[in-house]
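Below: the structure, in structure tokens.
The values are calculated or read from the model by the stated rules, or taken from the named source; none is laboratory data. Everything quoted here is computed from the prediction, not taken from an experiment. Here the Cβ is made from the backbone with ideal geometry for all residues, glycine too, and neighbour counts use every protein chain on show. These accessible areas exclude ligands, DNA and RNA; they are computed on the full protein's heavy atoms, side chains included. Shrake-Rupley method; radii C 1.70, N 1.55, O 1.52, S 1.80 Å.
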Amino acid sequence: MKRGGLGVWLLASGQTLSYACLFYSFAALILSLEADLGWDKRLFALGPMLAIGVSAVLAPVLGRQVDDGRGQALLIGGAAVGGLALLGLSQIWAVWQYLALWAVIGLAQAASLYEVAFAYLVRRFGAEARPRIIRVTLVAGFASTLAFPAGAALADAYGWRIAVIVAGAVMLFVTVPLHWLGCRMIRAETALEVEIGGKGFAVAALRKPVFWGLAGLFGLVGLNHWILISFLVPLLVEMGVSHGWAVLAASLVGPSQTLGRFVLMQVEARVGTARVLAITVAMMLGASVFLAGVGASGLLIFGFAALQGGAMGIMTILRPALVAESLGRAQFGAISGMLSISSLGASAVAPLVAAALFETAGPMGMIGASFAMALGAMGLARWVMAQR
């Protein structure tokens, strides 16, 4: 077994379940929530928006904690907090309860999802972290594939409350042990941690133009993706796609992420980071075009899922690599956390923006906005590569 082999796979499995339960649950259950509670779409969107906002605020602080050697505690504790918050969410009746528990879920997201997991792997493996990060993302790419059908099936059969209870139980009794055992094995299989912490906070990165270019790029990419994914099922239904086919299309985004990562592994050495980044953003533009044509042919939903999922799958791997190559590995957790503010902040407002666009401009308004964001991301990507 290679260093960090089994431990990384266990961590990857925990990340898959964490994303399925803490991140995709809203998109998977929104129609059931709306039918039962009768609240406005924008009010429902405030929940995940608040969660991601909390996660964005905490990201630099928790990244610094990983640099100081507390990554394992965060991954385990965050999963436990997330499980308890989901159990509480299953019992809500009032708006304030809904929002308060989503804020707690935001804390769990900040402590137990990719940002902390990647920073933990970089701390343990240094320059050798990238293949381990790819392994994690290859497995975790199936989170939406798990969340959408499982959430829809449980909600249809037993109601959304039971679906959320199941998600909470999975976090407590499956994800927590996976994170604990995975981190324990990684620590046992890596003799020494890579010294990337250093003293003081990573404020020097803020003085570099490439930092702000990366922040803008990650923010536009996150906004493009999540305004579509958070309301993908209602958007497709409004465009005439049946609910079953809409759920299937949403479920295929995850496997497409994994496929994109496999392709990246095969071609990156020959193509280069700059070209891969350009191709990735171009895929996002193509995805919006395919989605706009769904009214003419429902089969285009599969083209959308393939391009959008593939692009986001590749970006997940490119992001830590771009940060490390552009700004160095010293204090990686803190710097990556600061950059997360833009991407997570964009993701936080995405459901609210999507709800507003959906109500005022309709599906084509949402799609047009996503296309404009991808165009902006392409411009920033070219500028960042020129700076490097």
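Annotation note: of 38, 77, 7, the sole residue that is in contact with an Asp or Glu (Cβ under 7 Å, 6 or more places away or on another chain) and at pLDDT 85 or above is 7.
Selection over the range 47-85 of residues that are closer than 22 Å to residue 30 by Cα, of a type outside the set (Gly, Ala, Ser) and within 18 Å of the chain's Cα centre (by Cα) gives a count of 5. Within the group 346, 330, 356, 361, which residue is without any contact (Cβ under 8 Å) to a residue 24 or more places away in the chain and either open to solvent by 20 Å² or more (accessible area, probe 1.4 Å) or under 17 Å from the mean Cα position of the chain (by Cα) (or both)? The match here is 361. Give the residue that is farthest from residue 358 (Cα to Cα), with candidates limited to residues of the range 22-62 that are of a type in the set (Val, Ile, Thr) and surrounded by fewer than 20 Cβ atoms within 10 Å (Cβ to Cβ). Taking the candidates together, the pick is 61. The residue list 204, 163, 188, 169 contains one member that is over 24 Å from the mean Cα position of the chain (by Cα), more than 30 Å from residue 370 (Cα to Cα) and modelled with pLDDT of 80 or more, which is 188. One residue is enough: does the range 63-71 have a residue meeting the conditions in contact (Cβ under 8 Å) with a residue 60 or more places away in the chain, farther than 30 Å from residue 188 by Cα and open to solvent by 10 Å² or more (accessible area, probe 1.4 Å)? Taking every residue of the range 63-71 in turn, none turns out to be in contact (Cβ under 8 Å) with a residue 60 or more places away in the chain, farther than 30 Å from residue 188 by Cα and open to solvent by 10 Å² or more (accessible area, probe 1.4 Å).
In this structure, residue 303 does not satisfy being buried (at least 24 other Cβ atoms within 10 Å of the Cβ), closer than 23 Å to residue 148 by Cα and not aromatic (Phe, Trp, Tyr).
In the range 256-276, the residue that is nearest to the chain's Cα centre (by Cα) out of those that are open to solvent by 70 Å² or more (accessible area, probe 1.4 Å) and more than 22 Å from residue 379 (Cα to Cα) is 259. The C-beta contact set for the range 36-61 (first residue touching a residue at least 24 places away in the same chain (Cβ under 8 Å), second residue of a type in the set (D, E, K, R), distance under 8 angstrom, 6+ apart or interchain) comprises 41/34; 41/359; 42/359; 44/34; 59/115. Consider the range 94-108 and keep the residues that are open to solvent by less than 10 Å² (accessible area, probe 1.4 Å) and under 20 Å from residue 15 (Cβ atoms). The one that is modelled with the lowest pLDDT is 106. Whenever a residue of the range 144-163 is in contact (Cβ under 8 Å) with a residue 60 or more places away in the chain, its partners that are surrounded by fewer than 15 Cβ atoms within 10 Å (Cβ to Cβ), lying with C-beta atoms within less than 7 angstrom and at least six residues away or across chains, give the pairs 160/36.
Just one residue in the set 275, 270 is at pLDDT 80 or above, closer than 20 Å to residue 134 by Cα, assigned to a helix (DSSP H, G or I) and among the basic types (Lys, Arg); that residue is 275. Any residue in the range 332-351 that is outside any helix (DSSP H, G or I) and in contact with a Phe, Trp or Tyr (Cβ under 9 Å, 6 or more places away or on another chain)? Checked the range 332-351: no residue is outside any helix (DSSP H, G or I) and in contact with a Phe, Trp or Tyr (Cβ under 9 Å, 6 or more places away or on another chain).
Per-residue answers, yes or no, for (1) in contact with a Ser or Thr (Cβ under 8 Å, 6 or more places away or on another chain); (2) more than 18 Å from residue 356 (Cα to Cα); (3) open to solvent by less than 40 Å² (accessible area, probe 1.4 Å):
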{"position": "219", "(1), (2), (3)": "yes, yes, yes"}
{"position": "222", "(1), (2), (3)": "yes, no, yes"}
{"position": "227", "(1), (2), (3)": "yes, no, yes"}
{"position": "231", "(1), (2), (3)": "no, no, yes"}
{"position": "238", "(1), (2), (3)": "no, no, no"}
{"position": "241", "(1), (2), (3)": "no, yes, yes"}
{"position": "244", "(1), (2), (3)": "no, yes, no"}
{"position": "248", "(1), (2), (3)": "no, yes, no"}
{"position": "254", "(1), (2), (3)": "yes, yes, yes"}
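For the range 306-327, residues that are in contact with a Ser or Thr (Cβ under 7 Å, 6 or more places away or on another chain) and open to solvent by 30 Å² or more (accessible area, probe 1.4 Å) total 1. In the condition set (1) modelled with pLDDT of 90 or more; (2) of a type in the set (A, V, I, L, M); (3) open to solvent by 30 Å² or more (accessible area, probe 1.4 Å); (4) over 29 Å from residue 62 (Cα atoms), residue 291 is compliant with all but (3).
Is the range 266-274 home to any residue that is touching a Gly at 6+ places or on another chain (Cβ under 6 Å), free of Cβ contacts under 8 Å to residues at least 12 places away in the same chain and of a type outside the set (Ser, Thr, Tyr)? Within the range 266-274 (the criterion being touching a Gly at 6+ places or on another chain (Cβ under 6 Å), free of Cβ contacts under 8 Å to residues at least 12 places away in the same chain and of a type outside the set (Ser, Thr, Tyr)), the answer is no, since none of the residues qualifies.
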